[in-house]
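Throughout, read-outs are computed from the coordinates displayed, never taken from laboratory work. These numbers come from a predicted model, not from an experiment. For neighbour counting, all protein chains shown are included, and Cβ atoms are generated from backbone atoms with ideal geometry for every residue, glycine included.
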Amino acid sequence: MRLPYDVEDDRAAVKAVGAEINRPDPARWRAMTTDDDRLRQTYRALGLLLKQTEVAFAERKAALRAFRGSRREYQQAAAEYEAWKSRAVHFVTCARARRSELVRRFSILDRDDALDRLGTALRSLAAAVAAHREAISGGGREETTADRLLWLRLDLLPATMRPGSAEHVPDQA
């Protein structure tokens, strides 16, 4: 199934995920959660929906407390609030269940992204240390113990992290 919104359109995703919670469709849910980018988007959308509902609870409860009118009007407003609250609690329960289905897969993706970012940062640092080594050896300055210790750390990195390795790609900053 092809979703009618782009993977960068979180506003449309929030609407679609809300509709999915209210009217579940297994094919649509699979489309929202199979691909890594869609899974991230759907997880974010569920979080936003839960926050929006929390805000709506607070606003509606405050509006009911601040209600001014006859006793009969207040009872009508309170009944409307209770009916809305019942639907909202059901929605939140379903949204939380859907989010808990995704939490394990999302945390794996999040961890992998963090590892990729750390790897990139480490490769950038290794390139800076290698450039420092070249500058010292070609610049006429005497190397210090701190320089040698720094270079030793560079030499102890796995080969794929060191500048000059086939897999090392410095950041294009």
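For this structure, a couple of remarks:
- Each Lys or Arg adds one and each Asp or Glu subtracts one; over the other residues with Cβ under 12 Å from the Cβ of Ala79, this totals -1.
- Candidates per trypsin sites (Lys or Arg not before Pro) in the range 1-85, loop by DSSP, up to 14 other Cβ within 10 Å: Arg2, Arg68
- Solvent-free Debye calculation, one equal scatterer per alpha-carbon of the range 10-161: log10 I(q)/I(0) at 0.14 Å⁻¹ equals -0.81.
- Charge dipole of the range 10-161 (Cα centre as origin; +1 on each Lys and Arg Cβ, -1 on each Asp and Glu Cβ, all else neutral): 1120 debye, rounded to the nearest 20.
- Neighbourhood charge, 15 Å Cβ-Cβ cut-off, centred on Arg148 and excluding it, Lys, Arg +1 and Asp, Glu -1: -2
- Positive contributions from Lys and Arg (+1) and negative ones from Asp and Glu (-1), summed over other residues with Cβ under 12 Å from the Cβ of Asp6, come out at -1.
- Separation of alpha-carbon centers, the range 136-158 and the range 60-84, rounded to whole Å: 73 Å
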